[in-house]
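Presented below is the structure to which this report refers.
The values are calculated or read from the model by the stated rules, or taken from the named source; none is laboratory data. Quantities reported herein were computed from a predicted structural model and do not represent experimental measurements. Backbone-built Cβ (ideal geometry, glycine too); neighbour counts: all protein chains shown.
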Amino acid sequence: MSRLKALTDLAAALRGAEDPRTDWMGVIALANQALVTPAIHAAALRAGTVEALPPDVRTFTSEVFARNRERNRRLFGQLHEAVGALNAVGIEPTLLKGAALWVTLGRPIAFDRMLNDLDLLVRPSEAQAAIAALREAGFHLAASYAGPEVHVVAELGRPSDVGYIDLHQRPPGPPGLAERPSRHQTHTWDGVRARVPDPAAQIFYLVLHDQFHEGGYWRGGVALRHLLDIAMLTGGPAGVDWTGLRRLASRPLIATAVEAQLIAAHRFTGAEAPPPMLRRPWARLQHARQLAQFARPKLAGPLAGLGLISEAGALISHRRADAADRRRMFGTGRRSMSDRLSRLRELRGAAAPGRI
């Protein structure tokens with residue numbers, strides 16, 4: 001079974017589609033790799049097609065689905081405790097990624113996205129006070145990273161927790177871009193307060209994380225879990241400020257990356273987006289390259305080289321702007337050694353080209 005056929009079948013399963021021709025072994029393997037297995041069962045429940053799943057698939061997805069819901073319940077209890085500990089010392093953190101999506105959607109009990117960890121963002125000037133407050137609340141320091149350029153400054157957790165807290169001092173992505181002004185709203189629940197980026201900023205952060213922080217723009221592949229996030233954000237109650245997203249992605253290279261990820265989200269998850277953002281030929285070409293890298297991992301390297309050549313002008317412009325941002329923010333136009341070491345640690349577990 002080809003990887004592209006497995007991905008197409010998985011995308012159909014995530015819509016709750018019933019297809020007797022589905023190769024479920026390939027689909028489940030890909031879903032496990034992409035961390036979207038609970039979403040298969042959730043989609044079948046919504047579509048009323050659970051009984052159409054093969055018995056062994058239904059048993060497996062049902063078990064993962066139930067365990068993930070319980071894990072999420074415990075994670076969000078942990079989130080409440082961590083945010084409360086930060087509020088107690090005057091810090092109002094910003095939620096990122098899965099936690100931000102959960103709050104944006106209204107903190108649903110039925111939240112079937114798999115989370116690796118909880119991502120909390122504080123100002124660089126608040127980082128040490130935040131670490132101290134979390135440690136005082138019983139969260140043990142598992143790892144810490146020094147330097148003004150690193151984005152994760154600490155990982156914290158307790159033996160009873162089901163995931164770590166990743167404490168950020170800036171969002172993932174190129175400095176300056178990730179810190180661009182965007183709309184945030186303070187949310188209060190059960191006596192705690194946290195800031196949440198609006199859907200446009202959340203999509204922007206996902207693109208910076210996948211396409212640049214993890215190198216997906218060049219290495220290709222499909223960040224399927226985040227494509228589902230984009231679908232939930234575009235179809236959510238708040239809507240998306242598309243003009244604001246275009247403003248955040250003002251550099252040509254970043255704009256193409258945003259559009260390429262929106263095209264993938266529309267193709268595989270049905271995410272909504274303005275037609276002009278889905279039709280630009282250059283973004284469609286880069287999406288096709290990334291998909292080819294996923295479908296044929298042996299060609300991922302040569303295709304990455306073609307991608308670099310094709311974007312040479314935009315890349316040079318982007319790097320010049322990135323160097324200017326680093327000089328403005330850190331006093332240097334180059335990555336510091338601590339930042340390079342931190343990036344190596346972050347990428348150590350990253351999948352090879354053609355990842356999902």
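Of all the listed residues (Arg58, Arg69), the sole one being charged (D, E, K, R) and closer than 30 Å to Thr186 by Cβ is Arg69.
Taking His213 and the conditions (1) more than 19 Å from the chain's Cα centre (by Cα); (2) of a type outside the set (Asp, Glu); (3) outside the structural domain of Val83 (by TED's automatic domain parsing), which numbered condition does it fall short on, given that it satisfies the others? With respect to (1) more than 19 Å from the chain's Cα centre (by Cα); (2) of a type outside the set (Asp, Glu); (3) outside the structural domain of Val83 (by TED's automatic domain parsing), His213 is out only on (1).
Residue count for the range 104-119 under the criterion of being touching a residue at least 60 places away in the same chain (Cβ under 8 Å) and touching a helix residue (DSSP H, G or I) at 6+ places or on another chain (Cβ under 9 Å): the result is 8.
Being touching a residue at least 12 places away in the same chain (Cβ under 8 Å), within 23 Å of the chain's Cα centre (by Cα) and either assigned to a loop (DSSP other than H, G, I, E, B) or more than 30 Å from Ile165 (Cβ to Cβ) (or both) narrows it down to one residue among Leu30, Leu95, Leu4; which is it?
Details: Leu30 fails: either assigned to a loop (DSSP other than H, G, I, E, B) or more than 30 Å from Ile165 (Cβ to Cβ) (or both); Leu95 fails: either assigned to a loop (DSSP other than H, G, I, E, B) or more than 30 Å from Ile165 (Cβ to Cβ) (or both).
The unique qualifying residue is Leu4.
Taking the criterion of being surrounded by 20 or more Cβ atoms within 10 Å (Cβ to Cβ) and under 13 Å from Met114 (Cα atoms), the residues of the range 1-44 that qualify are Ala31, Ala34, Val36, Thr37, Pro38, Ala39, Ile40, His41, Ala42. Being in a strand (DSSP E or B) and at pLDDT 95 or above is a condition met by no residue of the range 99-117.
Somewhere in the range 170-183, is a residue under 19 Å from Gly84 (Cβ atoms), free of Cβ contacts under 8 Å to residues at least 60 places away in the same chain, out of contact with any helix residue (DSSP H, G or I) (no Cβ under 8 Å at 6 or more places or on another chain) and not assigned by TED's automatic domain parsing to the domain that holds Ala249?
For the range 170-183, residues under 19 Å from Gly84 (Cβ atoms), free of Cβ contacts under 8 Å to residues at least 60 places away in the same chain, out of contact with any helix residue (DSSP H, G or I) (no Cβ under 8 Å at 6 or more places or on another chain) and not assigned by TED's automatic domain parsing to the domain that holds Ala249: absent.
Return a yes/no flag: does the range 228-251 have any residue that is closer than 25 Å to Ile356 by Cα, surrounded by fewer than 23 Cβ atoms within 10 Å (Cβ to Cβ) and among the aromatic types (Phe, Trp, Tyr). Within the range 228-251 (the criterion being closer than 25 Å to Ile356 by Cα, surrounded by fewer than 23 Cβ atoms within 10 Å (Cβ to Cβ) and among the aromatic types (Phe, Trp, Tyr)), the answer is no, since none of the residues qualifies. Of all the numbered requirements in (1) under 30 Å from Arg3 (Cα atoms); (2) of a type outside the set (Phe, Trp, Tyr); (3) outside any helix (DSSP H, G or I), Thr186 misses one, and that requirement is (1).
Looking only at residues in the range 41-92 that are under 25 Å from the mean Cα position of the chain (by Cα) and of a type in the set (Lys, Arg), the one that is modelled with the lowest pLDDT is Arg46.
Across the range 7-27, the number of residues qualifying as under 19 Å from the mean Cα position of the chain (by Cα) and among the small types (Gly, Ala, Ser) comes to 1.
Checked against (1) more than 24 Å from Trp102 (Cβ to Cβ); (2) touching a residue at least 60 places away in the same chain (Cβ under 8 Å); (3) not in a loop (DSSP other than H, G, I, E, B), Ala132 passes all but condition (2).
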